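Undergrad: Once you've had a glance at the structure underneath, I'll fire off some questions.
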Amino acid sequence: TIERLRLTALATGVLALIAGAASVWWVVRVAFRPVDEMVVTAERIGSGDLSLKVPEPEQLHELKTLGTAINSMLRRIESAREAEVAARSALTHFVADASHELRTPIAAISGHVELVESGALDEEASRRSMSRITAETSRMSRLVEDLLTLASHDSGHSREHRSVNLSGVLADALEDRMATDRSRTFESEVEPSLFVEGDERQLFQVATNLLANVSAHTPPGSTASIKGRLVDGEVVVDVRDDGPGVGEGHRSTLFERFARAHTASD
């Protein structure tokens, strides 16, 4: 009897030990299942998919804290990667834009140099070619300066701004346009003393370009107006004309850098 009791107790103890070990294993696996999910997700993230996020289980505060910290780190890494991709794309576009803008004056300079060197031009024609070379060189210098300004802006550096009388800037730009384009009527409705913070030279260039577009894309005899006014504490400038306007196909890209319409009517 004692021997049977001893065997029974031993068998019961072994079974209890096995059951306890199995129970502990099951509880541990259930408790650490989020860790396994974190490991699997981390492996997928390591393969390059930064859009994934590790689980943040609500049951275990420590694991939730760990998951939150890892996801916060992943968001910062993803933001840094997106910024790097955007910077590379901007650099690629900048190089392409710069090449496109510089191609025309370089080609013009090369053509005039070849004509002068060939000796086929008389004195007057040679003088005109040299004048064109000087003009295109000045244009290229301005383009390089503008491209450097764009590169500085893209890298996060901006020029020092100061208070600028925009009314005077618009008046000067309009006066220059009226002096060079007498085939169109230009009207001005600019309120006096419109002060803004900015770069006076660049603001003048914007106004000049807008008015030059009127001359380039409207038929002779057209009427254009430039208006400047204060609206709710902000200065608003409108340049309007009675030309054909911008074509529907070009409006979506109108404000992209170096954007151009394919035809003058657009």
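Undergrad: So in region 126-149, with the set limited to residues that are more than 13 Å from residue 108 (Cβ to Cβ) and charged (D, E, K, R), which one is surrounded by the fewest Cβ atoms within 10 Å (Cβ to Cβ)?
TA: Applying the first criterion (more than 13 Å from residue 108 (Cβ to Cβ)) to region 126-149 yields 126-127, 141-142, 144-149.
Among the residues that remain, those that are also charged (D, E, K, R) are: 127, 142, 145-146.
Numbers: 127: 12, 142: 12, 145: 10, 146: 14.
By that ranking, first place goes to 145.
Undergrad: In region 218-244, which residues are modelled with pLDDT of 85 or more, open to solvent by 30 Å² or more (accessible area, probe 1.4 Å) and not charged (D, E, K, R)?
TA: 219, 220, 221, 223, 230, 231, 233, 235, 236, 237, 239
Undergrad: From the list 79, 99, which one is within 30 Å of residue 144 (Cβ to Cβ) and modelled with pLDDT of 75 or more? Give the derivation first.
TA: Values: 79 fails: within 30 Å of residue 144 (Cβ to Cβ).
Of the residues listed, the single one that is within 30 Å of residue 144 (Cβ to Cβ) and modelled with pLDDT of 75 or more is 99.
Undergrad: While we're on this one: Anything in region 184-208 that is closer than 22 Å to residue 242 by Cβ, in contact with a helix residue (DSSP H, G or I) (Cβ under 8 Å, 6 or more places away or on another chain) and not in a helix (DSSP H, G or I)? List them, or say none. Write out each step before concluding.
TA: Here is the first cut: in region 184-208, the residues closer than 22 Å to residue 242 by Cβ are 184-190, 206-208.
After this cut, where a residue has to be in contact with a helix residue (DSSP H, G or I) (Cβ under 8 Å, 6 or more places away or on another chain) as well, the list is 184, 186, 188, 190, 207-208.
Once the filter is applied, which keeps residues that are closer than 22 Å to residue 242 by Cβ, in contact with a helix residue (DSSP H, G or I) (Cβ under 8 Å, 6 or more places away or on another chain) and not in a helix (DSSP H, G or I), region 184-208 yields 184, 186, 188, 190.
Undergrad: Report every pair of residues separated by at least 6 positions or lying on different chains whose Cβ atoms are under 7 Å apart, first residue within region 208-220 and over 11 Å from residue 184 (Cβ atoms), second β-branched (Val, Ile, Thr) and in a helix (DSSP H, G or I).
TA: none
Undergrad: Under the condition of being among the charged types (D, E, K, R) and out of contact with any Lys or Arg (no Cβ under 8 Å at 6 or more places or on another chain), which residue from region 76-106 is farthest from residue 139 (Cα to Cα)? Lay out the reasoning, then the answer.
TA: Kept after step one, since they are among the charged types (D, E, K, R), are these residues of region 76-106: 76, 78, 81-82, 84, 88, 97, 101, 103.
When the remaining residues are screened for being out of contact with any Lys or Arg (no Cβ under 8 Å at 6 or more places or on another chain), the result is 76, 78, 81-82, 84, 88, 101, 103.
Working: 76: 43, 78: 42, 81: 38, 82: 36, 84: 33, 88: 28, 101: 10, 103: 12 Å.
Selected residue: 76.
Undergrad: State yes or no: is residue 167 in a helix (DSSP H, G or I), touching a strand residue (DSSP E or B) at 6+ places or on another chain (Cβ under 9 Å) and polar (S, T, N, Q)?
TA: Values: in a helix (DSSP H, G or I): yes; touching a strand residue (DSSP E or B) at 6+ places or on another chain (Cβ under 9 Å): yes; polar (S, T, N, Q): yes.
Criteria met by residue 167.
Undergrad: In addition: Step by step: first the residues of region 192-217, then only those that are farther than 22 Å from residue 180 by Cα and open to solvent by 60 Å² or more (accessible area, probe 1.4 Å), then the one that is nearest to the chain's Cα centre (by Cα). Which residue is that? Walk me through how you get there before you give the answer.
TA: As a first pass, look at region 192-217 and keep what is farther than 22 Å from residue 180 by Cα: 192-199.
With open to solvent by 60 Å² or more (accessible area, probe 1.4 Å) added as a condition, the list becomes 192-193, 195, 197.
Values: 192: 34, 193: 33, 195: 28, 197: 22 Å.
Ranking the qualifying residues of region 192-217, first place goes to 197.
Undergrad: Residue 184 passes all but one of (1) open to solvent by less than 60 Å² (accessible area, probe 1.4 Å); (2) under 24 Å from residue 93 (Cβ atoms); (3) of a type outside the set (Asp, Glu); which number fails?
TA: Among (1) open to solvent by less than 60 Å² (accessible area, probe 1.4 Å); (2) under 24 Å from residue 93 (Cβ atoms); (3) of a type outside the set (Asp, Glu), the lone unmet condition for residue 184 is (2).
Undergrad: Continuing with this model, one more query. Quick one: which residue in 161, 100 is in contact (Cβ under 8 Å) with a residue 60 or more places away in the chain and open to solvent by 80 Å² or more (accessible area, probe 1.4 Å)?
TA: On the way: 161 fails: in contact (Cβ under 8 Å) with a residue 60 or more places away in the chain.
Criteria check complete, one pass: 100.
Undergrad: Oh, and also: Just need a number here: residues in region 109-143 that are within 30 Å of residue 90 (Cα to Cα) and at pLDDT below 80.
TA: 3
The values are calculated or read from the model by the stated rules, or taken from the named source; none is laboratory data. Just so it is clear, the model here is predicted, and its values are computed rather than measured. All Cβ positions, glycine included, derive from the backbone under ideal geometry; neighbour counts span all protein chains shown. We work out accessible area using only protein heavy atoms, side chains counted, and drop any ligands, DNA or RNA first. Shrake-Rupley method; radii C 1.70, N 1.55, O 1.52, S 1.80 Å.
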